[in-house]
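To keep things clear, I will list the structure first and then write my remarks on it.
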Amino acid sequence: MTGKAFTSFSSPTPYKLFDDQVEFQSEADSFSDFLLLNFGSEVLSIELGKKTIWANLEHSVLEFSSLVNSYHAKSTLKDLLGLPTGSILSGSENRRPVPNGEWFHQQAEVYSDMIGQGTYQNSITASITLEKSRQDYNLLTELLDGNNNPAFNSLYTTGSRGRLRILEVFHFDPDVSFLALTASPAINYLSAEFNFESFSRGTHFFSIPVAQDILQMGLYKIAHKVRRSNFSYQLIGTKIRIFPAPTKDDPKKLWIRVATVSQPLSPPFNDDTTYGVSNLSNLPFGEIKYSNINSIGKQFIRKFALALCKETLGHIRSKFKTINLPGSSMEMDGSELIAQAREDKEKLREELKELLESLTYQNLMKMEADRAQSLHDILKYAAPPKPILIF
């Protein structure tokens, strides 16, 4: 085909994203020749210039890159959350991040915080000096830290607003740790009370998971608090009411562990990850280099660019629906070209989306599980090998 080559233009494409890539330059010249031949330029002049064709080719590469990156994000977003969004991760669209499990740890921290098994929130243990026959105490003013300052002021800066979160009230709960040690609670109770060893010669030990001990301890603690403990409390607004009322002239202090209500965007420590990757829009994914696209991707790009050029040609011809000729007229096929092009584009998108969805990391694991199950089903019908007898 005649005409200037891609490299002879100073700005051959609108966005100039691939203009300096040798592979794209070669593809642009070859595709323009292919498209003009495909549209019948040897018989009838085609109303498309090369820069228009190359603009559609660039658009097609961007479409392919966007779809691939969006499905790659489905596989990798959880492993990239919190990482820098700038140039540090540039080029990550072509990399496979190693799963680190940090996202799952952060999700689990929320639930461990709710059940009192550890949290990323800072907390302090403060105390209230109990008075004889008095049951109600103000948590904001009478709950004091180690410096005899209100714990509320220690957790919040002056003038700030917030709430105290009660994590634990140490209200003379009975010790239940001995109950979960062995199967002989009565002997262990006496041993613990008289400061003897924590088990006797008649104690039986069982090999059980540690998680069972922790669960059992929690059940015993709740049972003693509800069924056996004479000590309880009730939270009413900013006050705590304790039961029973203190009867000693010099009652003990009541210790309470408190924390602030967690702030999702202002954790109690410097965490730069709150400014990092948070969603699909700020993932550090750039356009895929044309030289890194394989034959499968290039074929999609050619077909999609062909559909784009067909749609562009349809818009051009739609401006002149009828051309009057000497003795006759010629109807232009603009609307038909637009309809065919849009149908082709939608079909190509759906085919690529279906393929990309089937190849996400999650679906690859499902495919591997199905393959393992199928292999298991096949092997269970296989005859066992003949035994080898040695005399």
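The table below lists the values:
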item	result
Thr129 vs. criteria β-branched (Val, Ile, Thr), at pLDDT 75 or above and farther than 30 Å from Glu287 by Cβ	yes
Unique match (being modelled with pLDDT under 80 and either in the same structural domain as Leu130 (by TED's automatic domain parsing) or surrounded by fewer than 16 Cβ atoms within 10 Å (Cβ to Cβ) (or both)) among Leu164, Leu215	Leu164
Test for Leu181: is it modelled with pLDDT under 75, surrounded by 15 or more Cβ atoms within 10 Å (Cβ to Cβ), in the same structural domain as Asp145 (by TED's automatic domain parsing) and farther than 30 Å from Leu155 by Cβ	yes
Candidates Asp79, Asp19, filtered to the one that is over 30 Å from Leu364 (Cα atoms), free of Cβ contacts under 8 Å to residues at least 60 places away in the same chain, in contact with a Pro (Cβ under 7 Å, 6 or more places away or on another chain) and surrounded by 14 or more Cβ atoms within 10 Å (Cβ to Cβ)	Asp19
Those residues of the range 40-76 which are among the aliphatic types (A, V, I, L, M) and at pLDDT 90 or above, in sequence order	Leu48, Ile53, Ala55, Leu57, Val61, Leu62, Leu67, Val68, Ala73
Hey, Asp113 surrounded by 14 or more Cβ atoms within 10 Å (Cβ to Cβ), within 28 Å of the chain's Cα centre (by Cα), at pLDDT below 80 and under 20 Å from Leu235 (Cα atoms) or not	yes
Those residues of the range 219-243 which are hydrophobic (A, V, I, L, M, F, W, C), loosely packed, with under 12 Cβ neighbours inside 10 Å and either in contact with a strand residue (DSSP E or B) (Cβ under 6 Å, 6 or more places away or on another chain) or at pLDDT 80 or above (or both), in sequence order	Leu235, Ile236
Some residue of the range 260-276 being under 38 Å from the mean Cα position of the chain (by Cα), within 30 Å of Arg163 (Cα to Cα), at pLDDT 75 or above and among the charged types (D, E, K, R)	yes
Asp377 surrounded by 14 or more Cβ atoms within 10 Å (Cβ to Cβ) and either outside the structural domain of Val61 (by TED's automatic domain parsing) or among the acidic types (Asp, Glu) (or both)	no
Condition check for Ile288: modelled with pLDDT of 85 or more, in contact with a helix residue (DSSP H, G or I) (Cβ under 8 Å, 6 or more places away or on another chain) and surrounded by 16 or more Cβ atoms within 10 Å (Cβ to Cβ)	yes
Residues of the range 22-34 that turn out to be surrounded by fewer than 17 Cβ atoms within 10 Å (Cβ to Cβ) and either farther than 17 Å from Ser291 by Cα or in contact with an Asp or Glu (Cβ under 6 Å, 6 or more places away or on another chain) (or both), as a count	2
Tally, over the range 268-291, of residues that are over 30 Å from Gln106 (Cα atoms), of a type outside the set (Val, Ile, Thr) and not in a helix (DSSP H, G or I)	2
Tally of residues being among the basic types (Lys, Arg) and either more than 15 Å from Ser154 (Cβ to Cβ) or in contact with a His (Cβ under 9 Å, 6 or more places away or on another chain) (or both) across the range 250-265	2
Hits in the range 35-51 - residues which are in contact (Cβ under 8 Å) with a residue 60 or more places away in the chain and either out of contact with any Ser or Thr (no Cβ under 7 Å at 6 or more places or on another chain) or surrounded by fewer than 18 Cβ atoms within 10 Å (Cβ to Cβ) (or both)	Leu35, Asn38, Phe39, Ile46, Glu47
Test: residue in the range 244-267 that is assigned by TED's automatic domain parsing to the domain that holds Tyr71, part of a loop (DSSP other than H, G, I, E, B), surrounded by fewer than 17 Cβ atoms within 10 Å (Cβ to Cβ) and free of Cβ contacts under 8 Å to residues at least 24 places away in the same chain	no
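The values are calculated or read from the model by the stated rules, or taken from the named source; none is laboratory data. Bear in mind the structure is a predicted one, so any value in this text is a computation, not a measurement. With ideal geometry, Cβ positions are generated from the backbone for all residues, glycine too; neighbour counts draw on all protein chains shown.
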